[in-house]
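Asks: Provided herewith is a single structure, encoded as structure tokens, for subsequent inquiry.
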Amino acid sequence: MSGCEVNFDGLVGLTHHYAGLSFGNEASTQHKNSVSNPKLAAKQGLLKMKALADLGFMQGVLPPHERPHLPTLRQLGFSGNDAQILEQAARTTPRLLSSLSSASAMWVANAATVSPSADSADGRVHFTVANLNNKFHRAIEPETTGLALQATFADAQYFTHHQALPQVALFGDEGAANHNRLAAEHGGPGVQVFVYGRQGLNDAPQPARYPARQTLEASQAVARLHKLYAERTVFVQQNPAVIDQGVFHNDVIAVSNGNVLFHHQHAFLNSPKVMDELRRKLAVLGTEFIAIEVPDNRVSVADAVRTYLFNSQLLTRSNGKMTIVVPEEARQHRGVWGYLNELVESGGPINRIKVFDLRESMRNGGGPACLRLRVALTERELAAVNPQVMMNDSLFATLNEWVDKHYRDRLTLQDLGDPQLLLEGRSALDELTQILALGSIYPFQR
């Protein structure tokens, strides 16, 4: 069965702001304290979703989280009613309040690791929510993420959901941002590629400047939970040197689709060995492996990080050829844009470019690939997905009206202590759960 791939994009939250919270993500830290535009950010994301749906690609929506996150403030000793807690936090620990107001859940490439049924011994689609324990503002996401995924993929006949791994450094897990899959077709058997930055139980090379967020031990645990076949699973170490240049996730330096791996020359440690293992394991499945390696002398690691060339989406069209989805920043860079045009004219599998303006997300450190979670499904599994989250003309119009009604077009760090912002967010999210038929997934609803 050929199956299909659905990209589920995260809807940008109402408290989208530039706080520079993500050490190791250079775009995030460079734009710290800039004024943000949550309404524009949400609309830019919706335009991307709708445009790809109009091109024939399956597209879904995942909801933002409730922010500021009052349950954590209460857990940390702030007391009183909601307005009093916000006032205390804004006055005494504004940076903490900023962390607990982050809209980072929009980058759903970090929501979970997903394995299709064709790769799992029990024939089910498996989801393991990422614990994201390297960053405090993201480590509070797993509970709501898990509930949103369970409401979207609810049928236990087809979908199995796993809790996040233990919240300790040994099992640091960043989800699909460090996970690739190679296969002849989305519904057929494939090779799953887990990319890790460090080992917790053994000595191995590590970055010196920035943290390696994904551990080998976490990747191995996810593979066990998903009941993956060892002969079709590969564990690869990301090059520590590129992590130290701002490549905080594998999806900043490599992206896969079908039997194609598009990657930078310096993406992986021991790259020739990695490519050989992928080629051999795909050959057992009767599938040719196509590696498109971008030389450093054409696109440097710094330029890849600056333009998010690899934080792109590769999408297979009906004719079998691929479209690469890149941010506007890639078009504005002469060298990167020149390389991309040579790529699409080379006669290879990637022969079309689609550019999106995602400035609000990019300035916070997330490009096209950060905003989406890929889920490969059979036709029966697709029919079991919550239909209210699938992008179409009606949902696009409804969500744009919803954004216009609830979102602010300007937000600063000082605004986060405004009790009215909390009320606006809760009203919006309560309405959104009805639009998307998600049920009560937020703390304030339970």
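The values are calculated or read from the model by the stated rules, or taken from the named source; none is laboratory data. Bear in mind the structure is a predicted one, so any value in this text is a computation, not a measurement. Note that each Cβ is placed from the backbone with ideal geometry, even for glycine, and that neighbours are counted across all protein chains shown. For accessibility, only protein heavy atoms count, side chains too; no ligands or nucleic acids. Shrake-Rupley method; radii C 1.70, N 1.55, O 1.52, S 1.80 Å.
Asks: Can you spot a residue in the stretch 242-255 that is in contact with a Leu (Cβ under 8 Å, 6 or more places away or on another chain), of a type outside the set (K, R) and modelled with pLDDT of 95 or more?
Replies: Yes, there is a match, as at least one residue in the stretch 242-255 is in contact with a Leu (Cβ under 8 Å, 6 or more places away or on another chain), of a type outside the set (K, R) and modelled with pLDDT of 95 or more.
Asks: Among the residues of the stretch 149-177, which ones are open to solvent by less than 10 Å² (accessible area, probe 1.4 Å) and under 27 Å from G365 (Cβ atoms)?
Replies: L149, T152, G172, D173, E174, G175, A177
Asks: Mind checking which pairs have a first residue in the stretch 283-309 that is under 19 Å from D244 (Cα atoms) and a second that is among the polar types (S, T, N, Q) and surrounded by 16 or more Cβ atoms within 10 Å (Cβ to Cβ), Cβ under 6 Å, 6 or more apart or different chains?
Replies: The qualifying pairs are P295/Q265; D296/Q265; V301/Q245.
Asks: Tell me yes or no: at least one residue of the stretch 136-143 is surrounded by 20 or more Cβ atoms within 10 Å (Cβ to Cβ), in a strand (DSSP E or B) and β-branched (V, I, T).
Replies: no
Asks: Can you pull out every residue in the stretch 67-97 that is in contact (Cβ under 8 Å) with a residue 40 or more places away in the chain and either in contact with an Asp or Glu (Cβ under 7 Å, 6 or more places away or on another chain) or charged (D, E, K, R) (or both)?
Replies: Correct list: R67, L70, D82, E87, R91, R95.
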